[in-house]
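**Student:** My questions all concern the structure below.
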Amino acid sequence: MEHHPVVVVGAGLAGLTAANHLLDAGRAVTVIETRSHVGGRARTDTVDGFRLNLGPHALYRDGHGMHVLRELDIETSGWNVPLDDSAAVVDDRLALLPVGPTSLLRTRWLGWRGKLRVGRLLGGLPSLDASAWASTTVDDFLASEVPEPRAADLVRALARLTTYSNRPDIASAGALIEQLQGATGSGVRYLHGGWQGLADQLRDRALHRGADVRTGVAVQDLRRTDAGFVVETDAPLRAGTVVLAVAPAAADRLLGGGTGLVEAAGPEVVASVLDLGLDRVAGRRFVLGVDRPHYLSRHAPAAELAPEGASLVSAMRYGEPEAGPREGKAVLLDLADRAGIAPQRIVMERYLHRVVVAGGLPLAARGGLAGRPGVEVPGVPGAFVAGDWVGGDGVLADAALASGRAAARAIIGRAAPTATVGTSAP
């Protein structure tokens, strides 16, 4: 049976980041991925010339993830998302979406008290202490700070937009505040070519440093031994240390259950997604549902995701689907129609009824981000976890990248390496 000092299970952003940091420290690393390609939720599919992420993706330009990518010299070229030509869906019609002081004053559907509350909240975001609200739900935060119903609806819409979650009744307001601070600070970027490019760069960097990356290999079980673990695949291998960069339920199952990872991670964050390829640029650039949990944004041609002359629009409904696929798709097509996208412009469409966009939700009841699982699994020496549900740094891709680095650092700090690999620059 082969012996591997470190085995990383899962070749998404978290697993590949952990592998790269371990390799930079001289550790020998084997990465195992069930699918035939790397990327996980960062994968990009090509359909009729359109490059489709697994739901609309945006990278925070000054978030935890960007700092990790810069450390690894990973390129992130893309389009910085502007907020012009933005609209809100309020009372079943399009209205002006406040995206700054001027549009906030011009907005007619929001009363002056609501405008004052929203202005104070957004204006004071840079100095707001997110940790002070970590154990408060989003709903309770709004009841305290934004009691006007219309204004609270607007902030809930921004919460859905920045966290991809529609659970203000249990989600941590502290996590939301951090996301809003990032979104209204340096903003976000749509990546040229899709997010697969990030995963591919991380894979190629790891390969160049000597990683053994195996795709199409399913892990059936994980057995603990005195020397570490046996990773059960079609060809079992021994591992001194394992990093489980998988969903919390999968990590708990592989570790024999009873780890508490699922409870600490919080519920999965899910959404329905409709991608529309258009034969030309058409409709609004950005539409946000204020009293409905949906959103629409034009990602191409500004980001290189569509054939020349064409356009790509993504629409999302946040939360568990309330109806079947046909009804769910109709809701998002109706949003596209409201945004001014005529049916004859649509040349490609892909609907995903239920997409898991994050492995867990930071819960107010657990103290927000600080209450999520740490990278070291209690009671299981040598086992580590990473993913968008792990650690106290950010959510979504930010959390995945930051936790991958944190897991590697924890392993590096525990013991001297048992094997070394080359660490020359790419």
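The values are calculated or read from the model by the stated rules, or taken from the named source; none is laboratory data. The structure displayed is predicted, hence computed values, not measured ones. Cβ placement follows ideal geometry from the backbone for every residue including glycine, while neighbour counts extend to all protein chains displayed. All accessible areas refer to the heavy atoms of the entire protein, side chains included, with ligands and DNA or RNA removed. Shrake-Rupley method; radii C 1.70, N 1.55, O 1.52, S 1.80 Å.
**Student:** Looking at (1) closer than 19 Å to A28 by Cβ; (2) open to solvent by less than 40 Å² (accessible area, probe 1.4 Å); (3) outside any strand (DSSP E or B), which is the one condition that is false for A235?
**Tutor:** All conditions are met except number (2).
**Student:** Which of the residues spanning region 338-380 are on the phi < 0 side of the Ramachandran plot, part of a loop (DSSP other than H, G, I, E, B) and open to solvent by less than 20 Å² (accessible area, probe 1.4 Å)? Give the steps one after another, and end with the answer.
**Tutor:** In the first step, residues of region 338-380 are kept if they are on the phi < 0 side of the Ramachandran plot; the result is 338-339, 341-366, 369-378, 380.
Subsequent filtering for residues that are part of a loop (DSSP other than H, G, I, E, B) retains 339, 341-342, 359-362, 372-375, 377-378, 380.
The answer is A339, I341, G359, G360, L361, P362, R372, P373, V377, V380.
**Student:** Among T46, T30, which is the only one that is of a type outside the set (G, A, S) and open to solvent by 40 Å² or more (accessible area, probe 1.4 Å)? Give the derivation first.
**Tutor:** Details: T30 fails: open to solvent by 40 Å² or more (accessible area, probe 1.4 Å).
Of the residues listed, the single one that is of a type outside the set (G, A, S) and open to solvent by 40 Å² or more (accessible area, probe 1.4 Å) is T46.
Let's see how each residue does on (1) among the hydrophobic types (A, V, I, L, M, F, W, C); (2) touching a Pro at 6+ places or on another chain (Cβ under 8 Å); (3) part of a loop (DSSP other than H, G, I, E, B); (4) under 23 Å from G12 (Cβ atoms):
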| site | (1), (2), (3), (4) |
| --- | --- |
| R253 | no, no, no, yes |
| G258 | no, no, yes, no |
| V262 | yes, yes, no, yes |
| V281 | yes, yes, yes, no |
| V287 | yes, no, no, no |
| A302 | yes, no, yes, no |
| A306 | yes, no, yes, no |
| R317 | no, yes, no, no |
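**Student:** Considering only region 101-150, how many residues are of a type outside the set (V, I, T) and either more than 20 Å from G368 (Cβ to Cβ) or loosely packed, with under 12 Cβ neighbours inside 10 Å (or both)? Even if it seems obvious, please write down each step before you answer.
**Tutor:** At the first step, the residues of region 101-150 found to be of a type outside the set (V, I, T) are 101, 103-106, 108-117, 119-135, 139-145, 147-150.
Those left that are additionally either more than 20 Å from G368 (Cβ to Cβ) or loosely packed, with under 12 Cβ neighbours inside 10 Å (or both): 101, 103-106, 108-117, 119-120, 122-124, 126-127, 129, 132, 144, 147-150.
Matching residues across region 101-150 total 29.
**Student:** How many residues does region 301-322 contain that are farther than 14 Å from I341 by Cα and crowded, with 21+ Cβ neighbours inside 10 Å? Give the derivation first.
**Tutor:** Step one: filter region 301-322 for residues farther than 14 Å from I341 by Cα, giving 301-309, 316-322.
Right, trim to crowded, with 21+ Cβ neighbours inside 10 Å and you get 303, 305-306, 316-318.
Within region 301-322, residues that are farther than 14 Å from I341 by Cα and crowded, with 21+ Cβ neighbours inside 10 Å number 6.
**Student:** Working carefully through the options A152, A157, find the one that is under 22 Å from L83 (Cα atoms), out of contact with any Cys (no Cβ under 9 Å at 6 or more places or on another chain), without any contact (Cβ under 8 Å) to a residue 12 or more places away in the chain and part of a helix (DSSP H, G or I). Before you say what the answer is, go through the steps one by one.
**Tutor:** Working: A157 fails: without any contact (Cβ under 8 Å) to a residue 12 or more places away in the chain.
From the options A152, A157, the qualifying one is A152.
**Student:** What tally of residues in region 165-224 results from selecting those that are closer than 30 Å to E320 by Cβ and of a type outside the set (K, R)? Talk me through it step by step, then tell me what you get.
**Tutor:** Start the filter on region 165-224 by keeping residues that are closer than 30 Å to E320 by Cβ, which leaves 165-184, 187-191, 194-196, 198-199, 218-220.
Pick out the ones that are also of a type outside the set (K, R) and you get 165-166, 168-184, 187-188, 190-191, 194-196, 198-199, 218-220.
So the count comes out to 31.
**Student:** Can you pull out the residues in region 272-287 that are open to solvent by 10 Å² or more (accessible area, probe 1.4 Å) and over 18 Å from M348 (Cβ atoms)?
**Tutor:** First, pick out the residues of region 272-287 that are open to solvent by 10 Å² or more (accessible area, probe 1.4 Å): 279-286.
Hits for region 272-287 are R284, R285, F286.
**Student:** Return the residues of region 222-263 that are within 27 Å of the chain's Cα centre (by Cα) and among the acidic types (D, E); say none if nothing qualifies.
**Tutor:** Hits for region 222-263 are D252, E263.
**Student:** Another one. Having 2 or more residues that are within 26 Å of R317 (Cα to Cα) and of a type outside the set (A, V, I, L, M) is the bar; report the strands (runs of 3 or more DSSP E) wholly within region 1-73 that clear it.
**Tutor:** On the way: elements: 2-9, 29-33, 44-47, 50-53.
It comes to 44-47, 50-53.
**Student:** Could you grab the pairs with beta carbons closer than 7 Å, sequence gap of 6+ or different chains, first residue in region 339-355 and closer than 22 Å to D84 by Cβ and modelled with pLDDT of 95 or more, second one open to solvent by 40 Å² or more (accessible area, probe 1.4 Å) and not in a strand (DSSP E or B)?
**Tutor:** Within 7 Å, the pairs are A339/R284; G340/R284; R345/D279; R345/R280.
**Student:** For the subset of region 74-100 comprising residues that are within 30 Å of A206 (Cα to Cα) and assigned to a strand (DSSP E or B), which member is least open to solvent (accessible area, probe 1.4 Å)? It would help to see each step written out before you state the result.
**Tutor:** Filtering region 74-100 for residues within 30 Å of A206 (Cα to Cα) gives 74-80.
This time we only want the ones that are assigned to a strand (DSSP E or B), so: 78-80.
Values: G78: 28, W79: 44, N80: 66 Å².
Ranking the candidates gives G78 first.
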